[in-house]
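Bear in mind that the values in this text are calculations on the coordinates, not laboratory data. Everything numeric in this text was worked out from a predicted model, so none of it was measured. Cβ: placed from backbone, ideal geometry, glycine included. Neighbour counts: every protein chain shown.
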Amino acid sequence: MELRRKKPRCVVEKIDEGYYHLNANIHRGVHYLSQKATEAHEAARSTVADFLGAGKREEVIFTRGTTEAINLVATSFGEAFCKAGDEIIVSIMEHHSNIVPWQMLCERKGLKLRVIPMNDRGELDMKAFKTMLNDKTRIVSVAHVSNVLGTVNPVAEIIRIAHEKTYRFW
């Protein structure tokens, strides 16, 4: 069986439309094309906010990719809200781009990096995860799908458990 990655047609069509009809800098110009590109960009932000269930559209920040996004969170949130002794949780199956920024933050700020183990089936050990959460937990950063194993992690359950068991400081 041949597996091929496909982008949804609507995504390709929007990219095509952007290149051919809205190819201008957003939030930077007063000319017609720039205004139209900005409107399209902000409409996309609203669509993503609705899809994710964000409280406000301003909570959605576009980056060039996952690695940049993780680095942004590690440096901004990590520097502002984490202090010596706090803990960051990742899983054993993370790509290095979701480990290194947390390791660096831990080194800079005296934090502890905790790692969720997996079982023999290549699944996260959810029982172990539940025991790791405590009032020092500041971030749980887990891939939805492992790029190495292909494991689809139960992120909805992880989020629910983390929200139930961790200290709220905002």
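The residue pairs whose first member lies in the stretch 49-68 and is of a type in the set (Asp, Glu), whose second member is surrounded by 10 or more Cβ atoms within 10 Å (Cβ to Cβ), and whose beta carbons are closer than 7 Å, counting only pairs six or more residues apart or on different chains, are GLU59/ALA49. Reported count of residues in the stretch 1-54, each being of a type in the set (Ser, Thr, Tyr) and within 26 Å of ALA156 (Cα to Cα), is 2. Taken together, the criteria place GLU17 among residues that are surrounded by 11 or more Cβ atoms within 10 Å (Cβ to Cβ), assigned to a helix (DSSP H, G or I) and over 17 Å from the mean Cα position of the chain (by Cα). Of all the residues in the stretch 49-77, those that are surrounded by 14 or more Cβ atoms within 10 Å (Cβ to Cβ) and more than 14 Å from the chain's Cα centre (by Cα) number 1.
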